[in-house]
Amino acid sequence: KRWNCLLCPSLTMRVLALLALVGTAAAFVPSQPSPFGAATSLEAKHVNKKATKKHVDRRPKKSRMSDIVRKPVVYPEVPSVPEYTISDAP
């Protein structure tokens, strides 16, 4: 008689519903405290590039030979002007 009651469909459905509820509730339980202080995820495989390295890596590359061997522009020389003028006026 006892086994006959366990094989009852309504009881089986209740047990399955309880197991499903327990399984989904475990997803919302907070994790154990980390020895590193705050809850930090240390699952990264590679270090991310920072802003300047990423910018340099993704900038347009010089592919034409005329761009690669280009010489710097020669500007005319600026005459030197004194910054201060010494005057005898009071």
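The values are calculated or read from the model by the stated rules, or taken from the named source; none is laboratory data. All of these numbers come straight from a predicted model, not from anything done at the bench.
For region 55-90, which positions are small (G, A, S), more than 34 Å from the chain's Cα centre (by Cα) and at pLDDT 90 or above?
Residues of region 55-90 small (G, A, S): 63, 66, 80, 87, 89.
Subsequent filtering for residues that are more than 34 Å from the chain's Cα centre (by Cα) retains 66, 80, 87, 89.
Listed by number, the list holds a single entry, S66.
Being at pLDDT 70 or above and on the phi < 0 side of the Ramachandran plot: is that true of S41 here? So S41 does not fit the description; no.
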